[in-house]
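First the structure, in the form of structure tokens, and then the observations on it.
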Amino acid sequence: MTVVLIGPGGVGKGTLARRLVASDPDLVLSRSWTTRTPRPGETEADYHFVSRDEFERAIHAGVFYEWAEFQGHLYGTPRPDPSDDRDLLLEIDVQGAEQIRAQDPSALVILVVAPSTEALERRLRGRGDDEDHVRRRLESAAEEMERGRRLGAIEVVNDDLERAGARILSILEGRRH
Ligand code: ADP
Ligand code: 5GP
């Protein structure tokens, strides 16, 4: 099964994704490729950081399951290893989720939302995003949520990490059985 986490930047998708795979051995997190530069503290474990040239060559070589341009940078999910029978967790933007749904209508799509716009803003600043990033991510938040809802995504409020993580695991368990 493919599980897709979507939601506005800074809502906590990455943090939740890391917790989910740490607590569920049957779930594996896909590592995306991106042309953006690493944030302080990010490493090759977070993304495969590549040049635009390298990314475009990979598109033509058929490397990606889905890819999209998000705020001036390219992001893509490499095709999963077909011999791995664990469930695959993707933490991607809504354009990517639309592509996954088109290829796999049974994919489970979860829309993570913040308890409030103020909380979202605090999380973006707390993570060290610059003002320009914060403004652009807040501007695109409403559209991300709207498109997520149109995809029929299941909504989970990330108020408390523990609670939101448990909620997602229980949705996942429900799907498995
Ligand atoms: P995303 O992957 O959606 O862009 P991150 O996982 O990077 O978001 O989270 C953005 C910031 O918000 C991080 O600093 C993270 O520690 C913080 N955060 C995530 N979830 C919560 C939460 N439930 N309560 C408070 N802060 C949170
Ligand atoms: P960030 O730059 O904050 O890490 O990510 C920006 C946006 O790109 C987030 O919404 C994130 O979920 C999304 N993203 C990360 N990896 C991928 C990917 O492989 N494909 C797509 N479509 N979006 C991605």
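Only the coordinates and a few stated rules stand behind these numbers; no lab work does. All values derive from a computational prediction rather than experimental measurement. No Cβ is skipped: glycine too gets one built from the backbone with ideal geometry, and neighbour counts run over all protein chains shown.
Filter segment 124-150 down to the residues that are aliphatic (A, V, I, L, M) and buried (at least 17 other Cβ atoms within 10 Å of the Cβ) and list them by number.
Within segment 124-150, the subset aliphatic (A, V, I, L, M) is 124, 134, 138, 141-142, 145.
Correct list: LEU124, VAL134, ALA141, MET145.
The sole residue among GLY7, GLY41, GLY12 that is over 12 Å from the mean Cα position of the chain (by Cα) and on the phi > 0 side of the Ramachandran plot is GLY41. In segment 123-142, the qualifying residues are those that are basic (Lys, Arg) and touching a residue at least 60 places away in the same chain (Cβ under 8 Å), and the one that is farthest from GLU42 (Cα to Cα) is ARG136. Among residues belonging to segment 58-71 that are farther than 18 Å from THR2 by Cα and more than 16 Å from ligand 1 (Cβ to nearest atom), point out the one that is surrounded by the most Cβ atoms within 10 Å (Cβ to Cβ). So, considering only residues that are farther than 18 Å from THR2 by Cα and more than 16 Å from ligand 1 (Cβ to nearest atom), the one surrounded by the most Cβ atoms within 10 Å (Cβ to Cβ) is ALA58.
Just to confirm my filter: which strands (runs of 3 or more DSSP E) fall fully inside segment 1-106 and include at least 3 residues that are within 12 Å of ligand 2 (Cβ to nearest atom), under 30 Å from ARG175 (Cα atoms) and among the aromatic types (Phe, Trp, Tyr)? Outline the logic, then answer.
Details: elements: 2-6, 27-29, 64-70, 73-78, 87-91.
Qualifying strands (runs of 3 or more DSSP E): 64-70.
A count restricted to segment 48-77 and to residues that are under 19 Å from ASP93 (Cβ atoms) and among the acidic types (Asp, Glu) stands at 3. When residues in segment 116-135 are screened for being closer than 16 Å to GLY7 by Cβ, small (Gly, Ala, Ser) and not in a helix (DSSP H, G or I), 1 of them pass.
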